[in-house]
Amino acid sequence: MDKKVILSGVQSTGNLTLGNYLGAISNWKKMQEDYECYYMIANLHTLTIRNNPETLRNNTLNLLALYLSAGIDPKKSHIFIQSQVPEHAELTWVLNCYTYMGELSRMTQFKDKSAKHADNINSGLFTYPVLMAADILLYQADLVPVGEDQRQHLEITRDIAERFNNIYGQTFKLPEGYIPKVAARIMGLQEPTSKMSKSSSIPNDSVFLNDEPDVIMNKFKRAVTDSENVVRYDVENKPGISNLISIYGAITGKKNEEVEEEFAGKGYGDFKKKVAECVIEELKPLQSEYKSLIANPDYLKEIYVEGANKAEEKAAKTLKDVYDKIGLI
Ligand code: TRP
């Protein structure tokens, strides 16, 4: 039987955080054995905010290097850059015509982002979910591993696919989300009620994958907690400590209760230090691999050219089917 297909992606804006890694990329690695995986760098999605061209180019290659250093293996998975497979933009136009303004205006991410970038509410920001639907549907993906915040985007993807299938017959597979229970959502260290973000403006809120060990230690030492001084998982009342438990659990594989037991009778100082140490240890091999990859742009190019070729083989088939069905010559 053919392997099930997985597609996922991350936007190439800024540095990746520990949240991106634990919530997404570290899980991608495990899926490579059992699924046919397409892992994309979503550089078209980044155009919804203003980028410096040179920075965007660098961020794209840095993200590729991070995928590789996090253990995504180009021999097992198709790793590609979204803009290099033109079918993404082409299918987006078609799907735009099968998506309603009403559904797009209900997207919470659109509302959040418009509030945040009130000076640049462009139509790309509005149709962002349609591009994401095209990403997924082009590959007939069965499963889409993403964080909890992307759930609504998956729902609209299914709605668009179903609408199209109802009119033209079976064309797109309806994808399922693959939202891991553990560490689906790593929160900020300073503001543990919002997701750890690449673009947070709060100092020490986000741990970046290329932070030096002493920087990581300091960020954890400063992490917001509460006054109870008991390591106990309780998101409502203890969001800071609960987040640290999630991070520690995601890395060590321990359940919340096991973490609570391990730190019973110990104070927050000890706990934070232990969490920081395990994060530093976890990132060490990744960071050294990353440094050597970034110094080798020719190798990176080889990977993304090959990845785009493989991705396009599949994407082109779906797009042709769509064009035929709707009557585009
Ligand atoms: N919107 C996703 C995010 O911000 C990134 C993304 C773009 C994506 N296209 C995708 C994720 C397709 C999964 C599948 O995290």
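The values are calculated or read from the model by the stated rules, or taken from the named source; none is laboratory data. Every value quoted in this text rests on a predicted model; they were computed, and no experiment measured them. Because the Cβ atoms are built from the backbone with ideal geometry, glycine has one as well, and the counts that use them run over all protein chains shown. What goes into the accessible areas is simple: the full protein's heavy atoms, side chains included, and nothing from ligands, DNA or RNA. Shrake-Rupley method; radii C 1.70, N 1.55, O 1.52, S 1.80 Å.
Under the convention that each Lys and Arg Cβ holds +1 and each Asp and Glu Cβ holds -1, the size of the dipole of the chain around its Cα centre is about 260 debye. Shown here is the pair-distance distribution of the stretch 17-90: with all Cα-Cα distances grouped in 10 Å bins from zero up to the longest one, the shares run 18, 47, 31, 4 percent. Taking GluC sites (Glu not before Pro) as exposed when DSSP calls them loop and at most 12 other C-beta atoms lie within 10 angstrom, the chain has its longest site-free stretch at 34-227.
Given R0 = 25 Å, the distance between the Cβ atoms of ASN309 and LYS3 translates into a calculated FRET efficiency of 0.80.
Relative contact order for the stretch 213-291: what percent, with Cα pairs under 8 Å and sequence separation of 6 or more? Kindly include the intermediate steps, with their values, before the conclusion.
On the way: 74 pairs, mean separation 28.9, N = 79.
Computed over the stretch 213-291, the figure is 37 percent.
Pairwise over distinct Cα atoms, reciprocal of the mean inverse distance: report the Kirkwood radius of the chain in Å, one decimal place. Please list the in-between numbers first.
Details: mean 1/r = 0.0479 Å⁻¹.
When all Cα pairs of the chain are included, the Kirkwood radius is 20.9 Å.
Ellipticity at 222 nm from helices only: DSSP H runs of n ≥ 4 in the chain, each -39500 (n - 2.57), divided by the residue count, give -16500 deg cm²/dmol.
Most simply put, the chain has about 10% antiparallel DSSP beta bridges, counting only bridges with both residues inside it. Of the trypsin sites (Lys or Arg not before Pro) found in the stretch 116-179, none is in coil by DSSP with at most 13 other Cβ atoms within 10 Å of its Cβ. The order of HIS117, HIS153 by accessible area, most exposed first and with a 1.4 Å probe, is HIS117, HIS153. The stretch 110-183 and the stretch 17-90 have their alpha-carbon centroids 17 Å apart.
Distance between the 7 Å Cα→Cβ label points at ASN237 and ALA118: 3.7 nm. Counting only Cβ charges, +1 for Lys and Arg and -1 for Asp and Glu, the dipole size of the stretch 213-291 around its Cα centre is about 340 debye.
A simple spin-label model places pseudo-atoms 7 Å from Cα toward Cβ; at ASN58 and ASP270 they are separated by 4.3 nm. Distance from the alpha carbon centroid of the stretch 210-243 to that of the stretch 257-329 works out to 24 angstrom.
Figure the gain on full extension for THR193 and ASP34 (residue separation times 0.36 nm, minus the Cα-Cα span) and round it to one decimal in nm.
On the way: separation 159, 0.36 × 159 = 57.24 nm, distance 3.43 nm.
Once the chain is fully extended between THR193 and ASP34, it gains 53.8 nm.
Excluding LYS238 itself, what net charge comes from residues whose Cβ is under 12 Å from its Cβ, given Lys and Arg +1 and Asp and Glu -1? List each step's numbers first, then the result.
Working: positive: ARG232; negative: ASP226, GLU228, ASP234, GLU236, GLU260.
So the surrounding residues net to -4.
Counting every C-alpha pair in the stretch 213-291, the share spaced more than 18 angstrom apart comes to 38%.
Taking a sphere under 15 Å around the Cβ of ARG163 and counting the other residues whose Cβ falls inside, with K and R at +1 and D and E at -1, yields a net charge of -1.
Hey, if we sort MET196, MET217 by accessible area with the 1.4 Å probe, largest down, what's the order? Can you show the working numbers first?
Working: MET196 5, MET217 35 Å².
Output order, biggest surface exposure first: MET217, MET196.
Can you give the FRET efficiency to the nearest 0.05 for LYS284 and GLU258, using r as the Cβ-Cβ distance and R₀ = 22 Å? E between LYS284 and GLU258, to the nearest 0.05, is 0.40. With the cut-off at under 12 Å, measuring from each backbone N in the stretch 285-329 to a point 7 Å along the Cα-to-Cβ line of CYS97 picks out 323-329. Based on protein heavy atoms only, the chain ends up with 48 Å² per residue of surface accessible to a 1.4 Å probe.
Rounded to the nearest 20 debye, the dipole magnitude of the stretch 172-329 is 320 debye, with +1 charges on Lys and Arg beta carbons, -1 on Asp and Glu beta carbons, and the Cα centre as origin.
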